[in-house]
1. Taking the number of other C-beta atoms within 10 Å as the exposure measure, put 461, 527 in order starting with the fewest.
2. What FRET efficiency would be calculated for the residue pair residue 573, residue 364, taking the C-beta separation as r and a Förster radius of 51 Å, to the nearest 0.05?
3. If you average the C-alpha positions of the range 74-95 and of the range 341-387 separately, how far apart do those two centres end up, in angstrom?
4. Return the distance in nm (one decimal) between the two label points of a simple spin-label model at residue 581 and residue 16, each offset 7 Å from Cα along Cα→Cβ.
5. Output the 0 to 90 degree angle, nearest 10, between the alpha-carbon long axis of helix 42-95 and the longest principal axis computed from the alpha carbons of the chain.
6. Could you tell me how far the Cα centroid of the range 474-489 sits from the Cα centroid of the range 121-140, in Å?
7. Using only the Cα atoms of the range 449-565, build the gyration tensor, take square roots of its eigenvalues as a ≥ b ≥ c, and label the shape rounded, prolate or oblate: rounded if a/c is under 1.5, else prolate if a/b is larger than b/c, else oblate.
8. When a/c reaches 1.5 or more, the comparison of a/b and b/c decides; with that in mind, is the range 583-630 rounded, prolate or oblate per its Cα gyration tensor?
Ligand code: ADP
């Protein structure tokens, strides 16, 4: 190669060469004879230097290209990673439950997540089209708050939290809490806002506040009711103290009226009872501002035409008139119009209504729950007081009647006993005389037989009278009970029975008995009756075995008398304690049927009890309780 034209061809080839091989082949084409330097003429030297420079430049470019390619290859994974991160960031950004947006001062948004757009009612497309401007969506009164927050966030380089409102695209105002962070995009500062919708919270708080208020009101109402109730009760406690012995219903009603009037100042209280075709005014309290009204009410109100009184009596429920209608007591005339509010209550004892209590007020106010409670409590307590009065009156009457008849009976038994004995004695002695004088001379043996019957009858009658007298004496002869050595008294009773016990071959065992408080004679008779019966009603097949045991139980001593006799069927366990009640024929077992009646009377006079338990065939136990001696 020697000419400049071939140099430019070489330059063009080298410019396109992309590898060392291509440089070599371009060189070979330009210098087919090779590059023998020593013998080259001067012109050719220049060409060679130029060619070398071109080759150097081409090689340097190829090298640079290779390096750049390699560098690019190394960066590729980094790019991919960055793209993945971006994707993940976008996903997170959009899925965040709070609205997030980055915006400029002029209101344009750089970024906004789905929650933010949703909060304001926009789609992503609208956002991308630039339709969302946060400044335009902020009501003017919050513009300054926003500016101030942005200033502080950028100036201080930290997050600022504040509350504001924005307008939804529909116009609805959205209260929100904003946390604003400064962020630099190159030289420009943007604000990144985290926006939380405060509406649900506020609604809940409002609901809560309303609920609290409602509850507070309810509590207040209950409290007033309670106070009213306890006030009324207190008054009634006074009333019952005053009137514990009061039995006149009208006095009780009058006191209830006084309480009602004192609890409702400025009111009058009337009480009516039905009398024929009228409501008769039985009692009243309070100051009547129109005396003629009271005079009119005193004449009575027609039943069936006085709703204010008729209604509670019929329905048995209170009747309240917040605005009293004079037509409901029409017959009272125009003077009734001074009453502006009224409340009427049925007053009953038991199921029966006996009257109606009416409270009238001179001022017009609706009845409050507390006032209703108060009055209803007054009426309720009045009813209790009336019932109690009725019952205690009835009880007293009955007790008196019982006591009287008891005393009469005892007196009768006692007198009858005494008075019967006298004629009986003479019958007995004349019968004896007859037997003695004429018995042997009688031709007719029946006469002797009849006389014997007379004797038996009179003897029996004497026994009965004696028992009756004994029975009457249990209460007639009263001595104050004293401490008794129960063992000693029982031993004496056993001694009294000695002859019959021996005759029956009875074994009587008395275990240690605690001391009691009793009348000694009566205690002795009691033990005698029980042990005597235990031996008398013995079983034909075995000798009687009687055990007496005792035990203290609290303030009582229980004594049990057990035998192995005939037993007593359950249906007779009560009946045997009735006077003259016997389970056995007299020819089989002698007796009058009074012994157990006396025994029970003695025990009951001491405050104790007497009862029997038995299997009904082979043994019986009589149980009794008497006050233990201290
Ligand atoms: P009386 O012994 O005079 O008949 P009571 O009043 O003592 O009268 O007894 C009433 C009845 O109770 C007796 O007739 C007898 O039938 C029955 N009875 C009393 N004690 C016993 C007893 N321990 N075992 C079986 N029956 C008895």
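1. 461, 527
2. 0.10
3. Here the two parts' Cα centres lie 83 Å apart.
4. 14.7 nm
5. That works out to roughly 10 degrees.
6. Spelled out, the Cα-based centre of one part sits 111 Å from the other.
7. Cα axes put the range 449-565 in the oblate bin.
8. Oblate, since a/c reaches 1.5 and b/c is not below a/b.
Read-outs throughout are calculated quantities, based only on the coordinates presented, and are distinct from any laboratory measurement. These numbers were taken from a predicted model, which means no experiment stands behind them. Every residue, glycine as well, gets a Cβ built from its backbone with ideal geometry; the counts of neighbours run over all protein chains shown.
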